[in-house]
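*Asks:* Dumping the structure here so I can ask a few things about it.
Each value in this text was obtained by applying a stated rule to the coordinates, not by laboratory testing. Worth saying up front: this structure is predicted, and the values here are computed from it rather than measured. Note that we place each Cβ from the backbone using ideal geometry, even for glycine, and neighbour counts take in every protein chain shown.
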4 protein chains.
Amino acid sequence: MDEMLAMGKQVLAMQPFSVLIGAELTAFSAGYTELKIPIRPDLRQQHGFVHGGVISYAADNALTYVGGSVLGPAVVTSEFKINYLRPVVDDLIIARASVIYAGKNQAVCRCDVYALSEGKESLCATAQGTIRAIGQTQREP
Amino acid sequence: MDEMLAMGKQVLAMQPFSVLIGAELTAFSAGYTELKIPIRPDLRQQHGFVHGGVISYAADNALTYVGGSVLGPAVVTSEFKINYLRPVVDDLIIARASVIYAGKNQAVCRCDVYALSEGKESLCATAQGTIRAIGQTQREP
Amino acid sequence: MDEMLAMGKQVLAMQPFSVLIGAELTAFSAGYTELKIPIRPDLRQQHGFVHGGVISYAADNALTYVGGSVLGPAVVTSEFKINYLRPVVDDLIIARASVIYAGKNQAVCRCDVYALSEGKESLCATAQGTIRAIGQTQREP
Amino acid sequence: MDEMLAMGKQVLAMQPFSVLIGAELTAFSAGYTELKIPIRPDLRQQHGFVHGGVISYAADNALTYVGGSVLGPAVVTSEFKINYLRPVVDDLIIARASVIYAGKNQAVCRCDVYALSEGKESLCATAQGTIRAIGQTQREP
């Protein structure tokens, strides 16, 4: 495993909410991020579908990571927009994010979220957002 | 407690992910929803801030609820957009959603998310999205 | 007419596209902007409705103005999202924008667009976006 | 020129606002649309850049067209989100839209807007939105 991915995994392991969700970072390089979430029963809603909040978490976090991959570690997600395309009943979701445009202080990124079912992926949500570099002083309270 | 709020609380209790997050429905009437999330350590990220995914969950779920309050229970969130305004270190977030416009099949809704600190609320995120009524047959797999 | 509104009108008069559209700035103060567009036949689409592009122009420009009202004149719209609520057949649209949150370098703003018909206003679109302050050097090519 | 593109051009010629802008439909097939706008002085803002409203018009209209290419001609744009990536000084913009996901009644589509300068294209904005099929009766006033 390369150094950047190892570093990204360490950061994810330090995010209590990501640990609670059970997210796994499976790719992390300059301009590209892949995040997987195995779906446990407690990540679903009342009809058995994966809760939208899990899917938006995946998009939000993959967007933040991919923005950080080009802007450096001190970043925040300023905003994002997500379209849910179909309900997900499957046992694994995969968020893949890439950088559309990076300036010095912010990056516009995109994330597609797939559901994996019997070896076949289907797109279940797509997101677009802005990641912003912040001064270290703002970040550390 | 009125009947509509009681029904809404029952539905929330049936969402395993909302139970995992610990969300509480505190208001639910035609066109208005309030959702509170007490912040435990496992809802934070590596710097101690509330994880963005928790805030987007709150917005997403409050939007879905408020859409359902005017369209009926069989609804999905089609899409939403969220702007994060400030990092949250506090122990309680409150999502308040209202309906901007409701047609027969969809509603455009808004949600403001506040952080409560020492009795004072501050706006920490704002979201806007579309909730869509679906046929019952689509909903029940 | 106050000084700030007069200055805003001057800037609008220097935007050739705003002149082409025929937009009028009717309010401009710190945190609030109102823009009116009388609807001529050439601002409509093939069914006689006001073209969505006119409504998104109104939202975009009102958002930029209101962001500039708190950040200073050198601003750009980073992004916005708009929900169209109903088709507009009327002869006047009014975009009203306000600031939701302003930091040092960017402001998150909201804009509601109304159609005026026989003295009665109806909301026809709602938008939310981010306005960013830029260095003067970036701005002047 | 194929039949579908010819039909699309006819519709564009019937949109007075598109004629005012001077937009040209250069590709239109099931799931793909390309719209070009030669930049005249009256499509700019006070600093000589292409006005954001022209770019959002291009995205909005390309999204509507591409949605209509799979849903049929009676469609409206429900909502879209656009990120502006860089100011445009050039003389031609090109909006390319594709369908990400199409259901029976709505399609989620994406649009990238490019500026052409000395034979080289650069991405200047990216948009994502929802196009919805409507009953013919709603459409024809």
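*Asks:* Just to confirm the numbers: B:ARG40, label point 7 angstrom along the Cα-Cβ line, distances to the other copies in nm, shortest first?
*Replies:* Spelled out, the distances from B:ARG40's label point are 1.1, 6.3, 6.3 nm.
*Asks:* Let me ask something else about it. What angle, in degrees between 0 and 90 and rounded to the nearest 10, separates the Cα long axis of helix C:3-13 from the longest principal axis of the Cα atoms of chain C?
*Replies:* 70
*Asks:* On a 30 Å Cα-Cα criterion, which of the cross-link pairs B:LYS36/C:LYS120; A:LYS120/B:LYS104; D:LYS9/D:LYS120; B:LYS81/C:LYS36; A:LYS120/D:LYS104; A:LYS81/A:LYS120 come out too long?
*Replies:* Pairs exceeding 30 Å: B:LYS36/C:LYS120; A:LYS120/B:LYS104.
*Asks:* Right, next: What is the set of long-range amide H partners of D:LEU92 at a cut-off below 5 Å, with H atoms built 1.01 Å from backbone N?
*Replies:* D:ILE39, D:LEU116
*Asks:* For the range A:1-28 and the range B:1-39, what is the separation of their Cα centres, given in Å?
*Replies:* Computed from Cα coordinates, the inter-centre distance equals 31 Å.
*Asks:* Would you kindly work out, in nm and rounded to one decimal, the distances from the label point of C:LEU123 to those of the same position in each other copy, ordered shortest first, with label points 7 Å along Cα-to-Cβ?
*Replies:* Result, one decimal in nm: 1.4, 3.1, 3.3.
*Asks:* Using only the Cα atoms of the range C:22-141, construct the convex hull and provide its projected area averaged over every direction, in square nanometres to one decimal.
*Replies:* Average projection, Cα convex hull of the range C:22-141: 7.7 nm².
*Asks:* For B:MET7, place a label point 7 Å from Cα along the Cα-to-Cβ direction in every copy; what are the distances to the other copies, in nm, shortest first?
*Replies:* 4.4, 5.3, 5.4
*Asks:* Which whole number gives the average, over all residues in A:14-22, of C-beta atoms from other chains lying within 10 Å of the residue C-beta?
*Replies:* Going residue by residue through A:14-22 and averaging, the value is 6.
*Asks:* Would you pull out the residues with amide H under 5 Å of A:GLU79's amide H, same chain only if 5 or more places away, H placed 1.01 Å from N?
*Replies:* So A:GLU79 has HN proximity to A:THR130, B:TYR84.
*Asks:* With a 10 Å cut-off between alpha carbons and a GNM built on chain A, which of A:PRO73, A:PRO41, A:PRO87 moves the most?
*Replies:* A:PRO41
*Asks:* Around B:GLY103, which amide H atoms from residues at least 5 apart in sequence, or from another chain, sit under 5 Å from its own amide H, with H modelled in the peptide plane?
*Replies:* Residues meeting the amide H criterion: B:VAL108.
*Asks:* In the range C:1-82, which GluC sites (Glu not before Pro) fall in coil by DSSP and have 13 or fewer other Cβ atoms within 10 Å?
*Replies:* Sites meeting the loop and neighbour criteria: none at all.
*Asks:* Also, I was wondering about something else. How many angstrom separate the Cα center of the range A:76-141 from the Cα center of the range B:117-135?
*Replies:* Each part's Cα centre sits 20 Å from the other's.
*Asks:* Across 10 Å bins from the origin, how do the percents of Cα pairs in the protein assembly as shown run, short distances first?
*Replies:* Binned Cα distances yield the sequence 4, 18, 30, 27, 16, 5, 0.
*Asks:* Taking θ = phi - 60°, what integer Hz values does the Karplus form 6.51 cos²θ - 1.76 cosθ + 1.60 yield along the range D:27-42, in sequence order, with x for Gly and Pro?
*Replies:* 7, 7, 9, 4, x, 8, 9, 10, 10, 10, 10, x, 8, 8, x, 7
*Asks:* While we're here: Spelling out what I want: for every residue of the range D:67-76, take phi, set θ = phi - 60°, compute 6.51 cos²θ - 1.76 cosθ + 1.60 (Karplus), and round to whole Hz; glycine and proline get x.
*Replies:* Here the 3J(HN,Hα) series is x, x, 5, 10, 9, x, x, 8, 9, 10 Hz.
*Asks:* Quick one: Karplus J couplings for the range B:49-63, per residue in order, coefficients 6.51, -1.76, 1.60, θ = phi - 60°, nearest Hz, x for Gly and Pro?
*Replies:* Whole-Hz 3J(HN,Hα) from phi for the range B:49-63: 6, 4, 5, x, x, 6, 5, 6, 4, 4, 5, 4, 6, 5, 5.
*Asks:* Here is a follow-up. Quick one: in chain A, whose Cβ comes closest to the A/C rotation axis, and how close in angstrom?
*Replies:* Residue plus distance in Å, as requested: A:LYS81, 3.
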